[in-house]
Amino acid sequence: MPLYEFFCEKCQKEVALTMTIKEREAGSARCPECGGSGLQPLMATFYSKTSKKS
Ligand SMILES: [Zn+2]
């Protein structure tokens, strides 16, 4: 499952969330700290091997 990193505007800190792509696209990301939805996506990090770009 992909790990997404967000920046919570309310907490002023970065949070990492593991969620499905479906949840991600649905915009259902919630800060685990404050439960707020004011999350700015930083970058997507995947547990799986990074695909080679040739
Ligand atoms: Zn927060």
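Being assigned to a loop (DSSP other than H, G, I, E, B) and either open to solvent by less than 90 Å² (accessible area, probe 1.4 Å) or modelled with pLDDT of 85 or more (or both) is the filter here, so list the residues in region 1-21 that pass it.
Filtering region 1-21 down to residues assigned to a loop (DSSP other than H, G, I, E, B) leaves 1-2, 9-12, 19-20.
Scanning region 1-21 gives P2, E9, K10, C11, Q12, M19, T20.
Anything in region 22-54 that is aliphatic (A, V, I, L, M) and modelled with pLDDT under 85? List them, or say none. Outline the logic, then answer.
Filtering region 22-54 down to residues aliphatic (A, V, I, L, M) leaves 26, 29, 39, 42-44.
Once the filter is applied, which keeps residues that are aliphatic (A, V, I, L, M) and modelled with pLDDT under 85, region 22-54 yields L42, M43, A44.
Which condition does L42 not pass, out of (1) within 11 Å of the ligand (Cβ to nearest atom); (2) open to solvent by 80 Å² or more (accessible area, probe 1.4 Å), if it passes all the others?
Answer for L42: the failing condition is (1).
The values are calculated or read from the model by the stated rules, or taken from the named source; none is laboratory data. Note that the structure is predicted; figures quoted are calculated from it, not measured. Every residue, glycine as well, gets a Cβ built from its backbone with ideal geometry; the counts of neighbours run over all protein chains shown. Note: areas computed on protein heavy atoms with side chains; ligands, DNA, RNA excluded. Shrake-Rupley method; radii C 1.70, N 1.55, O 1.52, S 1.80 Å.
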